[in-house]
Structure formats: C-alpha cells, structure tokens
Amino acid sequence: MSDLLERIASGATVLTVNSRLARHLLSEYEQWQLAQGSTHWPTPEIVPWSAWVQRQWQALAFVDSDQPTLLAEEAALALWERVIEDSRWGDLLLNSQATARAAMQAWRLLRQWQLQPAVLAHEEGADTVAFYAWAEAFQKRCRNERWLDEAALPNQITAALVDGKLSVAAEFLWIGFDDLTPQHQALMAAQQQAGAAVAQLDLPHKSAQPRTLACADSSSEIRAIAAWLRDLLDRGEPGPIGVVVPELAAQRHNIERIFDEALLPGAVLDLSQPHPKPYDISLGYGLATLPVVHTALNLFSLVRAPAPLHQWGRLLLSPFIAGGEQEFLLRAQLDATLRRHGENSLTLKNLIYQAGRHHCPLLAQSLKRFADSYSALPRRQSPAAWARSFEQLLQAAGWPGERSLDSHEYQTVQAWRKLLIRFAGLTEVLPELNYADALKQLRQLAGSTLFQPQSQSRPIQVMGVLEAVGLEFSHCWVMGLHDGVWPPAPQPNPFLPITLQRSLQMPHASAERELNFATQVSRRLFAAAPQVIISYPLHEGDSELRPSPLIAELEPLSPPDWLTQPPPRYRNQMFAARALESYSDWQGPVLADDLPVTGGTSIFKDQAACPFRAFARHRLFADSLEEPESGLGAAERGSLVHKVLEAFWKQTNDLLSLNQLDVEALQQCVTGIVVTIIAAEAQKYPQIFTERFAQLECNRLTKLTCAWLEVERGRPAFAVAALEAEQLFAIGGIEVKMKADRIDRLASGGEMIIDYKTGKTSVNDWFGERLNEPQLPLYALAQGHAAEAITFAALRPERCAFQGVSKDENVAKGISQSKIDWGVQQGIWRDALTNLAQEFRQGRAVVEPKEGAKTCTYCDLGPLCRINELNGLGLAEVESEDE
C-alpha cells in the first residue's frame, strides 16, 4: 500500500471502479500523509473512472466547441422510451419504460464491447429483431440531432486522446477493476498513446482468516451480526467495520429493525428526537417514497380527478402543506368525518368545501390557491416549463410546510429541486407534454432516483457486495452466502443473442462467467479484514438452503461468547424487571345524572354483548377509523330500502290502499319512488352513483320492494300509524332517543312495531338475560300496552318474510304467538333491559364478551381492551408474531 501511496504523492492519477473505493483511497492517503508528519499537501487525483471521463468531456467541450450535446441518463431513457413507443411494437408492450431500461442496458453492453447494431442485422430472435430496429432508430435520432449518450462518452474521449485534443497526466493507475471491458481497454490504450504510463493495479491483500457460521435463517443471521457489532463497540474496537449483504435491498428493513434494537436500545424510551445511529447503510431510498416528496407527488395526482379517500387521508395528515402543524387535530377529525361520509373517492373541489365546513381554513385556502394555479396552467408545454409550473403549484400549497425541517428533510427538499432541474433537461429530447404525461415522467424519475442523506462518518458500514470490493476494514462480516445467491444466477440481457453474450463473456451471460466473477470478488472480500466472518442461513421460509460452494472449504467459526451468550434483548430486560401489581379494574365511574348519553338503543346492545364495549364506545367515545367500501356498503343499501318503504307508505298508508294497486300500478308507483330517491342520493354521492350504477340500484330496489309488498298484501287489515317517528324513553335511569322504522295499527286496535332488516335475523336474539338485539323489545316497552307485536321485516333477494312474536295469533304469516303471557314477556324484557341500563349507569366495564371469540370477531376495540392478554397470550407467542 505504501508504494501505491508514494506513486499518488508523485502525481499519479488514480481511477477507481466506484466512488466508495475512491473515498477509501483518499482517506488512506490522508492518514499516510499525517503519519509522514505532513501538515499540508496537494489534493491527489483519486476519482471514479466515470467521473474522470466526465471531466475530460468538459475539457474537450472547452477546447473544441463543435461537440455534440451530451444526454443525461434520464434524457437517454426518455428517448429510448419514445423510440420504442413510436415503433410497431409500441402498442404491444405493457410497460414501455421497463422495456426502455432493458434496451438501454443492451445498448450499453454493445458500446462497452465496441460493437455496432449491425452485428444484430441477421439475427432472427423476435426480441433481438425489435431491439435492432430500436437501436437503429435511436442511433439515427442521435446522429440527426447531434446528441451523445453517456454509453458512448468513453469512446468520444478515447478518440479525442488519440487525436491529441486532450492532455493527460503522467501516470494513470486503474484500481479495483475485476473486469476490464473492451471500452476500458481502448481508453487505457489511448492514454498510453497520449504519452501516459498506465497500469492496472490490484490492492494488496491482508493476511486474513475467514471463518464460516451457519445460522437458522436470515433473521438469526442479522441478530448474530448485531450481537457481534455490540461486542465490538463495547470493547471500543476501531472502525471501519464492514457488513456486506448480497441482497441488501431485500434485507434492509430487517437489518435496520434488528440493529436499532441491539445498538440503540434506549431509543425506545425517548421518541421525541432522532438518535444518531452507529451504522450507515449505503443503499438509498427511492426519492418518491420519502414523506416530503411523496406529499408533493400526491398533491399533483389529486388535482385532476376523483381520488381514493386513503390518498386524501395521507394528504390531510401531512405536515408538509400550509397549516399542517396548526390544524393537525382538525384535519385528523376531518379525515375521520370523510370516512363516515359514505363515498370512497373525493375530488379536490369537494375537499376544499369540506375543509371550509369543518374548521380547517388554512387547508381550504392553500388547496384553493393550488387549484387556481392548476387552472391557469397551459394544456401543453415543455418539460422545462412544467418544472417551473410544478414548483409554483407547490408554493401555492405552502409546501414544504410551516415547521422547520430537520436535516434529512432539508436534504430531501434539495434533492427534489435537483430532480426538477434534471426533469427540465428532458426538454432536449421530449416534445411539449400535457399535464398527465409530464407528471408520469416526473414520477418515473423520482421513483428511479435513490437518495442517501449525508451524515457524519459512522464506524459501521453496511453495503452491497460490489461496493465492498477493494475496501479494507478492521473487522468484516459477509452474510447471506447460500448457494441460491452466491455465485449469482446468470441473467443475460433479453435483447442480445445469448450466444453472442457468452462468446464475449458479457456480464451475467452464463453460469461459468458468474462463477469466475464471484470467485474473484470472494477473494477480495475474504481478505478485507484480518478476520472475516462469512455466514449463511440454513432455511428461508420452508426452503432448505446450503452454503455457497465458494465457502464450503473454509473453516467454521468456533462459537464466541457474544454468540453463545448474547446480551438479552432490551424489551426482555424491561419485561424481566417488571414489578406488576394485579388489580381487577373493571369498574368505571358512575354516570352523572346531568350527563347526556348518546348512542340510542345500541347502548343496550353493546352492554349485552360486552360491558367494556359499551363503556368504551358510549362513555369514552372510542372508535376506529372507518374504511370506506368500494361502492355501496351493506348499511347504505339497507338505508335505501328504509327510504323507499317510508316514501311508499306515506303515499299508501294502509292495506286497503295497497290492494287497490294491481301489479303493474304497484310497479310504476315503486319505480317512481326509487328513481326520485336514487336521484337525490346521486346528488350527494356522485362518485358512487354513476349512470350505470344508479340504473342497477334502481332495478334492485324496485324488485326487492315489490317482492316485499306482495308479502304485506297477505296480512289482515292494518294501517300505518307512524313512520321513522322519534321518541325518548327512559329505563333503568338511562334516557335514550329511539326511532322505530314503522308502527302499524292492527285490526284489534293494538300496535305492531316493524324493524326493516336486509341482513340475517333471528327472533332468538330477543330472549335471554342479555339480549343480542334489544331494539324491538325497547320499542315495545316504550309503546306500553298498545304494543301487541314486534317483528323483523326481512328483505332479502332470496326470501322476504316477517319474523316476529305477538300477543295474539294470526297477526301475519311468520309472526308467532308468544309462548308465555304477553304481559309477562314484556315484564321479562323490562327486567333484562333495566339490568343492562343500570350496569351501564353504574360504570360496569368488565371485558366479558357474551359469546367469547364470536362476539370479538368484528369488534375493533381489541387493542384497547387487550383481551388477548387477558386470555393468557404469552411473551413467547408475541415474539414469534413480531418476528
């Protein structure tokens, strides 16, 4: 290494395979200079080879202005996509951008191997034929417009060196290259021809002792690494410490979760501020996934058409638009209100209206400015003009919010602004776009852009395999080397003939090529530190795994203390240190006399099902956010039936009037009512009641209502006494507001109370100490001696029928006479409902589901009542679920 550093000090230019290796060599050089006693020194030329090529291009453009325009990568991708979409294959592709990426990679391989598209002219494979046509069109377009793509840039620099247009350093050292393509070799030869000394160097290898470790699965692997890192940090071992992960993208979430748990155990006790992590993961996040950018893209998407309610919910709870901090609670309440509103989609205009109604003026104002700015946009303009328009739209919405951004958020905003500059660069290759196409291009660019916030140097570096090649660490662990991953499976490019790729030894072309490459990389990795641990999982899900053949001959690791006796998990330590006092806390405060109670008859239903449910819902007002259904839900369909029958009986009033309508007249009458009601609903919920859906719902309601009215024809004489009539009723010290669907006056002079049901029903729900359906018994008690029958009116497509009980027989088909005296039955109901009311009033809130798990199936209060813990769900089971 010292020989290399002396050559750098003498003025040699170092070209590395990637940026990380360049930073590593620069750090080594600085440490070497300090060790020499130097206090200052010239900055050495240590750069990735691609960055050196870019610098040479800038120098060439300075000395020779007659150069083509260099296309950025995103501009070249957009051009490839345009070429593909304009071809005869364009309409056959499901994802033109993915195809464009694969085609651009094939083009890059041709350039790296110094090949022209003409080598494919006589190929017969369908994919190759298509690619050949695209490549010819791409090349022709670039030639006509005098464009140069980055894949051809090294060739341009090579030609300039040969022609003597560029001066070069005295010596070039190419470091870290396991594969030199013909393009690399041509550039090296041109450097030599220009008078420079050129050498390809391999970094010196340390004497290493690699050891292998078998783990149960990948999670066990990561926990073992975390314990190892914890031990190194506790012992004050110097960095850098390397953790190399072949499948870093797939394992990132688990790595972060387990590392945080092991290396930052106290962070869970203070969530008010971010805690500096001792590790850094090289893989960035997609810029479009980061909250501040996601909010911006969400805004752009929501402006044009009705959007799902969950998208609006994310926007309402985002702190990155005007008033996000001041109106946070109000906007959360608005989100809950919209979920109860009924529609599962919403327009921007509707949201502005709702925000004004629900005390969110800052939201309404910012979205109004945003909508006005959008309305003023031209229909079509260039990407550069769209970049300015997108920025203006965000300013109108108050993005990125009112609060101060933290460091990561600030860097994200800066990355977004750089992204808009890159997007503006698409003007070179794309024509004027409409709003939808411009937003599509912007989304694609943001989705493919990885963002890694800058931070201070950290002792632990987590990285992929290729990034780690050539680096040196004080300690190194390579994980996940099972035979399904290492060596990698071949993945030849689909657009180039497989025989061509194999004959030229192109990347990923064959198993032999991948084995040779993996062998070279392994040789470097296994010597990256004095001691290297190489682990592999034995299982992944139900699959059994074996170690990579490249590590089969290595010695296994003798289990050290940090592996056999790892520090206990922090949550387990907290659990073990618990000092619990057992206390049965099922008694809530007594309900005050002057405290109003809301919830109507559902108070009794919930108290009967589970006392805690009634206390939580009607005393604590605990409820989960509703999830809007697609279209009409069961409750909304039932409500429409109620409205139709209410309107019909307001017109018809009694059995005599009903019988005066023949089948055709009844059909016409019901149809008119249904059409009127559906029209009113369509005004309120235009997103649900499209023309087609409204017609279908009209047909359904008409058919169901007419079928029910035929059942009503078979009853003895009756008259409708009340429809949807509200009344107050007190029992057991609880006064509730009730509203019966319908009350009929029978021929005997008594009353029958009817409850319309479109779901499953059973009269058994009215009997027992704790009534499953107390609504009709409550109505019967409220009506007193006048009530002589209660019944469900079961309206279902397969069968319409009454289901009820009565004082006397022959009230209607499906209604049975009470097995005991009617007065006695009313007394039993009164006692049962009084007991439920008194329990509720006294604050009885025990977690006691009437029918066990069945009662809890559709209850959303489980996290609040913690019934699973009451049932003895142990810590081991919780841990297995968490894992």
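Some notes on this structure:
- In region 742-757, residue surrounded by the fewest Cβ atoms within 10 Å (Cβ to Cβ) [restricted to those that are among the basic types (Lys, Arg) and in contact (Cβ under 8 Å) with a residue 60 or more places away in the chain]: 757
- Count of residues meeting criterion [open to solvent by less than 20 Å² (accessible area, probe 1.4 Å), closer than 14 Å to residue 240 by Cα and not in a strand (DSSP E or B)] in region 459-498: 4
- Single residue of region 6-49 satisfying the filter (open to solvent by 70 Å² or more (accessible area, probe 1.4 Å) and small (Gly, Ala, Ser)) that is nearest to residue 176 (Cα to Cα): 10
- Residues of region 261-297 satisfying the condition of being at pLDDT 85 or above, surrounded by fewer than 19 Cβ atoms within 10 Å (Cβ to Cβ) and among the polar types (S, T, N, Q): 282, 289
- For residue 314, the conditions (1) part of a helix (DSSP H, G or I); (2) touching a strand residue (DSSP E or B) at 6+ places or on another chain (Cβ under 9 Å); (3) open to solvent by 20 Å² or more (accessible area, probe 1.4 Å) are fulfilled apart from (2).
- The lone exception for residue 246 - which of (1) surrounded by 15 or more Cβ atoms within 10 Å (Cβ to Cβ); (2) under 16 Å from the mean Cα position of the chain (by Cα); (3) of a type outside the set (A, V, I, L, M) it fails: (2)
- Test result for residue 344, touching a helix residue (DSSP H, G or I) at 6+ places or on another chain (Cβ under 7 Å), within 24 Å of residue 626 (Cβ to Cβ), open to solvent by 10 Å² or more (accessible area, probe 1.4 Å) and modelled with pLDDT under 90: yes
- Any hit, region 837-846, residues being among the basic types (Lys, Arg) and either modelled with pLDDT under 80 or open to solvent by less than 80 Å² (accessible area, probe 1.4 Å) (or both): yes
- First in region 58-69 and touching a residue at least 12 places away in the same chain (Cβ under 8 Å) and surrounded by fewer than 15 Cβ atoms within 10 Å (Cβ to Cβ), second anywhere and in a helix (DSSP H, G or I) and not hydroxyl-bearing (Ser, Thr, Tyr), Cβ under 7 Å, 6 or more apart: 69/428
- Against the numbered list (1) out of contact with any Gly (no Cβ under 6 Å at 6 or more places or on another chain); (2) on the phi < 0 side of the Ramachandran plot, residue 323 comes up short only at (2).
One line per residue, one yes/no per condition, for (1) open to solvent by less than 70 Å² (accessible area, probe 1.4 Å); (2) small (Gly, Ala, Ser); (3) more than 30 Å from residue 418 (Cβ to Cβ):
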{"residue": "146", "(1), (2), (3)": "no, no, no"}
{"residue": "149", "(1), (2), (3)": "yes, no, no"}
{"residue": "156", "(1), (2), (3)": "yes, no, no"}
{"residue": "161", "(1), (2), (3)": "yes, no, yes"}
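- Subset of region 75-103 [over 18 Å from residue 129 (Cβ atoms), without any contact (Cβ under 8 Å) to a residue 40 or more places away in the chain and part of a helix (DSSP H, G or I)]: 77, 81, 98, 101
- Strands (runs of 3 or more DSSP E) (entirely within region 194-261) containing at least 2 residues that are in contact (Cβ under 8 Å) with a residue 12 or more places away in the chain and closer than 22 Å to residue 549 by Cβ: 209-215
- Only residues that are part of a loop (DSSP other than H, G, I, E, B) and either open to solvent by less than 30 Å² (accessible area, probe 1.4 Å) or without any contact (Cβ under 8 Å) to a residue 24 or more places away in the chain (or both) were counted across region 594-619, and they come to 7.
- Residue in region 573-580 that is open to solvent by less than 80 Å² (accessible area, probe 1.4 Å) and in contact with a helix residue (DSSP H, G or I) (Cβ under 8 Å, 6 or more places away or on another chain) present: no
- Residue within region 124-141 that is surrounded by fewer than 19 Cβ atoms within 10 Å (Cβ to Cβ), within 16 Å of residue 503 (Cβ to Cβ) and of a type in the set (Asp, Glu) present: no
- Some residue of region 84-96 being open to solvent by less than 10 Å² (accessible area, probe 1.4 Å) and of a type in the set (A, V, I, L, M): yes
- Close pairs (7 angstrom Cβ cut-off, 6 or more residues apart or separate chains): over 14 Å from residue 364 (Cβ atoms) in region 318-333, among the small types (Gly, Ala, Ser) anywhere: 318/324; 319/401; 320/401
- Criterion (out of contact with any Gly (no Cβ under 7 Å at 6 or more places or on another chain), at pLDDT 80 or above and open to solvent by 80 Å² or more (accessible area, probe 1.4 Å)) met by exactly one of 549, 560: 549
- Candidates 739, 760, filtered to the one that is assigned to a strand (DSSP E or B), open to solvent by 30 Å² or more (accessible area, probe 1.4 Å) and under 25 Å from residue 637 (Cα atoms): 739
The values are calculated or read from the model by the stated rules, or taken from the named source; none is laboratory data. Quantities reported herein were computed from a predicted structural model and do not represent experimental measurements. Counting neighbours? That spans all protein chains shown, and the Cβs are built from the backbone with ideal geometry, glycine included. What goes into the accessible areas is simple: the full protein's heavy atoms, side chains included, and nothing from ligands, DNA or RNA. Shrake-Rupley method; radii C 1.70, N 1.55, O 1.52, S 1.80 Å.
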